Ligand SMILES: *Cc1c(COP(=O)(O)O)cnc(C)c1O
């Protein structure tokens, strides 16, 4: 498929690189294509602009909407790299399949993304900690109020220059284990990146904030006993000499950062296990001093150290509320590979 390109005649002023925040500014262009009559068509890059929709657009009513999150980095010599981008487009199709949405051509989407990034290359910030956040998304567009899969869809990619996820730097966060609300259940859509999962998480997130905690630790939706994720990140615990992360149960998102952390730990000879892990086991390890480190993983923050865990009013401090040795080695290695400050011997980066 050909991509038609219409360049903007009125480029926007660039935001202050020191105050980018996260997801607040958008580049000059966007990619869109439409699924009509059983095939993808109208692939185009156009100036960033509003989209017009019928009020009955199905995505607004029944939530057939999936998205991805990835980043582009500009290296010291001005080259542009993506981090394991094929994995994101594979995951688009995992989400699509579960939401009864049609697949996209993964190679074509990556090609379209590269075209878009090249056109907006001067939107990629190059200050340490900054990057270009990439948001592909796809939603149902039939104007129809009956419950069935839509027959038409729109796929889009927008770009947003972002600063470091945590403006205060890599500091341990306090997390609150949620024992009333759940995010997802096995058999549901927890393993997909679909909008409703985030809507389902907001009330607990707001209540945790009000109690002084920055993220919710989600427990499984059936027994409310096994750890699933932290906020919208995957989660790891170092207990003794072993690193443990919840196994992919069907209600957990299969994070690309999670996968990369597991592969690095294996390469370094650190014992890493994917299994069911109960909140009681983690609290007991915190109490008896064997819980050494804990961190969350995700594209936005990359690695987020956890300094305190509260479950039913029992607040346990982890590693003196300091960043653990393994946590910081993982952060330095992954961000180092992403920005090509260290050699990519894992073959993870993709040149645009
Ligand atoms: C996106 C996401 C993650 C992290 O996935 P990455 O591929 O590492 O960015 C983890 N959990 C949830 C719920 C997510 O939406």
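Here, each number is a calculation from the coordinates, and none is a lab measurement. Predicted, not measured: the structure shown is a model, and the values here were computed from it. Because the Cβ atoms are built from the backbone with ideal geometry, glycine has one as well, and the counts that use them run over all protein chains shown.
For the chain, what does the relative contact order come out to in percent, with C-alpha contacts under 8 Å and a separation of six or more? Let's see the in-between values first.
Working: 736 pairs, mean separation 63.2, N = 352.
Worked out over the chain, it gives 18 percent.
Give the shape of the stretch 145-233 as rounded, prolate or oblate, defined through the alpha-carbon gyration tensor: a ≥ b ≥ c are the square roots of its eigenvalues, a/c under 1.5 means rounded, and otherwise the shape is prolate if a/b is larger than b/c and oblate if not.
oblate
Could you please state, rounded to a whole Å, how far the C-alpha centre of the stretch 13-66 is from the C-alpha centre of the stretch 248-296?
35
In whole Å, what three semi-axes, largest first, describe the equivalent ellipsoid of the chain built from its Cα gyration tensor (square root of 5 times each eigenvalue)?
34, 25, 18
Can you compute the helix-only [θ] at 222 nm over the chain? Use -39500 (n - 2.57) per DSSP H run of at least 4 residues, normalise by all residues, nearest 500 deg cm²/dmol.
-7500 deg cm²/dmol
What does DSSP give for the stretch 207-318 in terms of the percent of beta bridges that are antiparallel, rounded to the nearest 5? Don't skip to the answer; put the middle values down first.
Details: 22 of 27 bridges.
Antiparallel: roughly 80 percent of the beta bridges in the stretch 207-318.
Between rounded, prolate and oblate, where does the stretch 215-312 land on the alpha carbon gyration tensor, with a ≥ b ≥ c its root eigenvalues, rounded for a/c under 1.5, else prolate if a/b exceeds b/c?
Values: a/c = 1.43, a/b = 1.11, b/c = 1.29.
The shape class here is rounded.
Taking the beta-carbon count within 10 Å as an exposure proxy, list 137, 155 from fewest neighbours to most.
Values: 137 18, 155 23.
In increasing order of surrounding Cβ atoms, one gets 137, 155.
Mind running the shape call on the stretch 1-93? Use the C-alpha gyration tensor, a ≥ b ≥ c as the square roots of the eigenvalues: rounded below 1.5 for a/c, prolate if a/b tops b/c, oblate otherwise.
It is prolate, given that a/c is not under 1.5 and a/b is the larger ratio.
Could you work out how far apart the two model spin labels at residue 315 and residue 211 are, taking each label as a point 7 Å from the Cα in the direction of the beta carbon, and quote it in nm?
Computed distance between label sites residue 315 and residue 211 equals 1.1 nm.
Cβ neighbours within 10 Å, averaged per peptide: list 292-298, 64-70 in order, most packed at the top.
Ranked by mean Cβ neighbours within 10 Å, highest first: 292-298, 64-70.
What is the stretch 160-316's relative contact order, in percent, from Cα pairs under 8 angstrom and six or more apart in sequence?
Averaging sequence separation for qualifying contacts and normalising by length gives 29 percent for the stretch 160-316.
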